[in-house]
Amino acid sequence: MQNNTSKESDIVTPAELAADYKTTKPTALSWYHKGLIPAVVADGRIIRFSRAEVSKALALRANNPDLAERARVHA
């Protein structure tokens with residue numbers, strides 16, 4: 001039996017990430033494509049996210065208005 005708090009449970013699909021942030025899968029993917037959050041891409045198509053890394057990236061943006069403004073300008 002595996003422990004759900006293992007590192008593996010930190011890696012999630014776009015749909016799982018969207019559920020974590022109460023948004024949609026297209027929105028989660030949009031955040032990635034705009035460079036707002038990091039992702040792991042395998043075979044050029046399979047996108048997975050680290051919950052910890054996404055949380056850090058969003059917290060950094062929330063605490064740094066310049067990053068948030070640059071994201072709006074380039075969107």
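Read the figures in this text as sums done on the coordinates, not as results from a lab. Please read all numbers here as calculations on a predicted model, not as lab measurements. Here the Cβ positions follow ideal geometry from the backbone for every residue, glycine too, while neighbour counts run over all protein chains shown.
Between Asn64 and Lys34, the FRET efficiency from the beta-carbon distance, with R0 = 25 Å, is close to 0.95. Spin-label model, Ser55 to Ser9: label points 7 Å out along the Cα-to-beta-carbon direction sit 1.2 nm apart. With a simple spin-label model that places each label point 7 Å from the Cα along the Cα-to-Cβ direction, the separation between Asp43 and Glu16 comes to 1.8 nm.
Protection proxy ranking, highest mean first, for peptides 39-48, 26-35: 26-35, 39-48, where packing is the per-residue count of other beta-carbon atoms within 10 Å, averaged.
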